[in-house]
Every structure is written in C-alpha cells, then in structure tokens.
Amino acid sequence: MHEGGDVMKTFILGAIAFILIVLNGCSSQHTDPAPAIRPQQGAELCDEVCEKFKTMTNEQGDAGCILAEPVPVKQGATVECYSDAGEIGCISCSEWCVEQHQNGIFWNTSCIMEGGVTECVQIETVCNIQ
C-alpha cells in the first residue's frame with residue numbers, strides 16, 4: 001500500500017504544480033507600455049492655418065483645401081461632415097489640428113503661415129506634412 005500512496009502523492013503534487021503553472025500564466029499577462037506621445041509645437045497657429053486653408057488654391061483651381069473641411073471624430077467613420085449633414089460626429093479643422101499636435105503629429109503650421117504656401121499641394125511638397 002505504500003507504493004499506491006506514493007503514486008497518489010506524486011499525482012496530487014503534479015496536479016497542484018500544473019494548476020499553479022496554468023494560474024500563473026493567466027495572471028501574469030504582459031501588457032505593452034503606453035506609447036510615449038510628445039505633443040508638438042505649432043498648435044497655437046491652428047486657427048490661422050485652417051482659415052488660410054479656405055483661401056488656398058486646390059487641385060481643381062478653386063479656393064479651399066480639403067483640410068479646411070470638418071473631419072469625422074473617429075477615423076473611418078461613416079459620418080458625413082458637410083454643412084447639410086449637420087456635422088454630427090465631426091470636429092473642425094482647428095480642433096483636429098490641435099488634437100493632432102497633442103497626439104504628437106506635427107503639421108508645421110509656421111511653414112504654412114510664413115513659407116509662401118498658396119496651393120494645397122504645397123502643404124505636402126513645401127512644408128512636408130504627413
């Protein structure tokens with residue numbers, strides 16, 4: 001009977017070890033560290049930049065860059081941000097610009113205001129906004 005008791009002890013110890021390993025694996029899930037977001041300078045010019053976007057020449061030769069239009073609050077949203085849609089779920093160009101700067105995305109607003117940019121395409125080609 002001594003042999004049977006040893007087998008039972010081994011089985012119980014093995015089961016306990018297995019349970020502890022499984023529980024340890026469940027409770028120690030690794031989480032990625034929060035991203036290091038560094039707000040960018042230039043947000044103080046967002047109002048002026050967005051007003052300038054309205055007067056710049058677009059690819060069709062008309063006044064107004066698409067960046068001057070309101071944008072959906074969530075990327076990929078199905079909300080239409082036009083005046084006849086009521087702009088529900090949208091934010092203005094200025095609000096979006098400030099939010100982008102706070103999220104670490106640099107618009108190079110000083111270049112847009114002072115860099116001789118007059119066409120919408122120059123936002124990318126001259127001021128290198130991405």
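The values are calculated or read from the model by the stated rules, or taken from the named source; none is laboratory data. Keep in mind the model is a prediction, meaning the values are calculated, not measured. Every residue, glycine as well, gets a Cβ built from its backbone with ideal geometry; the counts of neighbours run over all protein chains shown.
Annotations for the structure displayed:
- Residue within region 49-67 that is under 29 Å from Ala34 (Cβ atoms), modelled with pLDDT of 90 or more and surrounded by fewer than 17 Cβ atoms within 10 Å (Cβ to Cβ) present: no
- Test: residue in region 23-43 that is assigned to a loop (DSSP other than H, G, I, E, B), at pLDDT 90 or above, in contact with a Cys (Cβ under 8 Å, 6 or more places away or on another chain) and of a type in the set (A, V, I, L, M, F, W, C): no
- Residue within region 80-88 that is of a type outside the set (Asp, Glu), modelled with pLDDT of 90 or more, crowded, with 18+ Cβ neighbours inside 10 Å and in a loop (DSSP other than H, G, I, E, B) present: no
- Tabulated pairs, region 105-127, first in contact (Cβ under 8 Å) with a residue 60 or more places away in the chain, second part of a loop (DSSP other than H, G, I, E, B) and among the acidic types (Asp, Glu), C-beta under 9 angstrom, 6+ apart or interchain: Glu119/Glu59; Cys120/Glu59; Val121/Glu59
- All positions within region 89-110 that are within 13 Å of Gln40 (Cβ to Cβ) and either aromatic (Phe, Trp, Tyr) or assigned to a helix (DSSP H, G or I) (or both): Cys97, Val98, Glu99, Gln100, His101, Gln102, Phe106, Trp107, Thr109, Ser110
- Residue check, Lys9 modelled with pLDDT under 80 and either assigned to a loop (DSSP other than H, G, I, E, B) or on the phi > 0 side of the Ramachandran plot (or both): no
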